[in-house]
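The values are calculated or read from the model by the stated rules, or taken from the named source; none is laboratory data. For clarity, every value in this text was computed on a predicted model and none was experimentally measured. Glycine gets a Cβ as well: all are built from the backbone with ideal geometry, and neighbour counts include every protein chain shown.
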Ligand code: PBG
């Protein structure tokens, strides 16, 4: 009997050996935890399709952030739900709105935390689209790019003023990264970091988020501004444009159906790359685990590791608590 010369199993024999040769790290401080903020006090409304997550008033959001901070999470991404919506989404730049209020409270409560604000109007518009609508002569309706960018500039400045370290435009309008950079610099916020959702696909995996943030489009879909899931060259173009316009970090969203895109982006750029492990990806694992079909902790760790392995430096995810339970 002749024995094999090469024995890769040799390096898998003990936990210490496996730890020594592990290629991908996964740490709590690589995660960004989203929070959904509403007005009021003591409000905690569970989101049915996202077990463990709730819409929270500022005081409850601060309590949640404190818990997560104690588990090692350093970064939080805020989404706001206004009391009243209108056609242009003016709640998105209300300095008294849930997001600016939460930013100030979190800044006081957790000075060491990194605070990020999502910049988009869809939670604030009656129609649920990510911008201001315009009607063409032929009667068709779409989102007016440049009019929307002006609104996003106002929001970004309001969030920066309230204490956001990072603003993250998720609207997919053309030219918004450059426009936001200019607006921030003009108002004295040249230190505010721009994390652009550079590559955001028109995805079915956002389903639960639309319940969480009450932002389902009331007509049509987002295919006129979000990307076609079939395209990757277009993703590279979006990333190049955003970096040229001044993005400090770029994001790919969703994560799991787009690991190849994350890898391509990572290989092409020298800025940090983030991936958004979205609401539907979270819901899938929780639904299967609730049925006893998957071991939640195990698949969460495996999933987040795969996103890091594909090339993401940063992962926006709802799984922070799930991961904390299994990170040894
Ligand atoms: C838009 C926005 C969306 C998400 C983040 N920002 C929803 C959408 O584009 O429909 C989705 C996040 C998720 O599914 O977890 N402001």
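Which residues, counting only those in segment 76-104, are over 17 Å from residue 216 (Cα atoms), surrounded by 19 or more Cβ atoms within 10 Å (Cβ to Cβ) and touching a helix residue (DSSP H, G or I) at 6+ places or on another chain (Cβ under 8 Å)?
The answer is 76, 78, 93, 94, 97, 98, 99, 100, 101, 102, 103.
For segment 267-284, enumerate the residues that are surrounded by fewer than 19 Cβ atoms within 10 Å (Cβ to Cβ) and part of a helix (DSSP H, G or I). Full working, then the answer.
Kept after step one, since they are surrounded by fewer than 19 Cβ atoms within 10 Å (Cβ to Cβ), are these residues of segment 267-284: 267-268, 270-272, 284.
Matches in segment 267-284: 267, 268, 284.
Which residue, of 103, 68, 17, is without any contact (Cβ under 8 Å) to a residue 60 or more places away in the chain, in a helix (DSSP H, G or I), at negative phi and more than 16 Å from the ligand (Cβ to nearest atom)? Spell out how you get there, then give the answer.
Values: 103 fails: without any contact (Cβ under 8 Å) to a residue 60 or more places away in the chain; 68 fails: without any contact (Cβ under 8 Å) to a residue 60 or more places away in the chain.
None of the others qualify; the one that does is 17.
Can you pull out every residue in segment 48-61 that is surrounded by fewer than 20 Cβ atoms within 10 Å (Cβ to Cβ), touching a strand residue (DSSP E or B) at 6+ places or on another chain (Cβ under 9 Å) and not in a strand (DSSP E or B)?
Matches in segment 48-61: 52 only.
Residues 228, 221: which one is over 27 Å from residue 165 (Cα atoms), in contact with a strand residue (DSSP E or B) (Cβ under 8 Å, 6 or more places away or on another chain) and within 16 Å of the ligand (Cβ to nearest atom)? Step through it out loud before you land on a result.
Working: 221 fails: in contact with a strand residue (DSSP E or B) (Cβ under 8 Å, 6 or more places away or on another chain).
Checking each option against the conditions leaves just 228.
Just to check your reading of the model, which residue among 314, 243 is free of Cβ contacts under 8 Å to residues at least 60 places away in the same chain and more than 24 Å from residue 129 (Cβ to Cβ)? Break it down into steps so the answer makes sense when it comes.
Values: 314 fails: free of Cβ contacts under 8 Å to residues at least 60 places away in the same chain.
After applying the criteria, what remains is 243.
Quick one: in segment 34-46, of everything that is surrounded by 20 or more Cβ atoms within 10 Å (Cβ to Cβ) and under 27 Å from residue 327 (Cα atoms), which residue is nearest to the ligand (Cβ to nearest atom)? Break it down stepwise before answering.
In the first step, residues of segment 34-46 are kept if they are surrounded by 20 or more Cβ atoms within 10 Å (Cβ to Cβ); the result is 34-38.
Checking which are under 27 Å from residue 327 (Cα atoms) leaves us with 34-36.
Details: 34: 7, 35: 12, 36: 10 Å.
That would be 34.
Quick one: which strands (runs of 3 or more DSSP E) sit completely within segment 137-231 and have at least 1 residues that are under 23 Å from residue 95 (Cα atoms), within 17 Å of the chain's Cα centre (by Cα) and at pLDDT 95 or above?
Of the strands (runs of 3 or more DSSP E) lying wholly inside segment 137-231, those with at least 1 residues that are under 23 Å from residue 95 (Cα atoms), within 17 Å of the chain's Cα centre (by Cα) and at pLDDT 95 or above span 166-169, 193-200.
Residue check: is residue 242 surrounded by fewer than 16 Cβ atoms within 10 Å (Cβ to Cβ) and either more than 27 Å from residue 50 (Cβ to Cβ) or within 15 Å of the ligand (Cβ to nearest atom) (or both)? Please lay out each step first, then the result.
Details: surrounded by fewer than 16 Cβ atoms within 10 Å (Cβ to Cβ): no; either more than 27 Å from residue 50 (Cβ to Cβ) or within 15 Å of the ligand (Cβ to nearest atom) (or both): yes.
Here the answer is no, as residue 242 does not meet what is asked.
Could you list, in sequence order, the residues of segment 245-265 that are in contact with a strand residue (DSSP E or B) (Cβ under 8 Å, 6 or more places away or on another chain), in a helix (DSSP H, G or I) and crowded, with 19+ Cβ neighbours inside 10 Å?
258, 261, 262, 265
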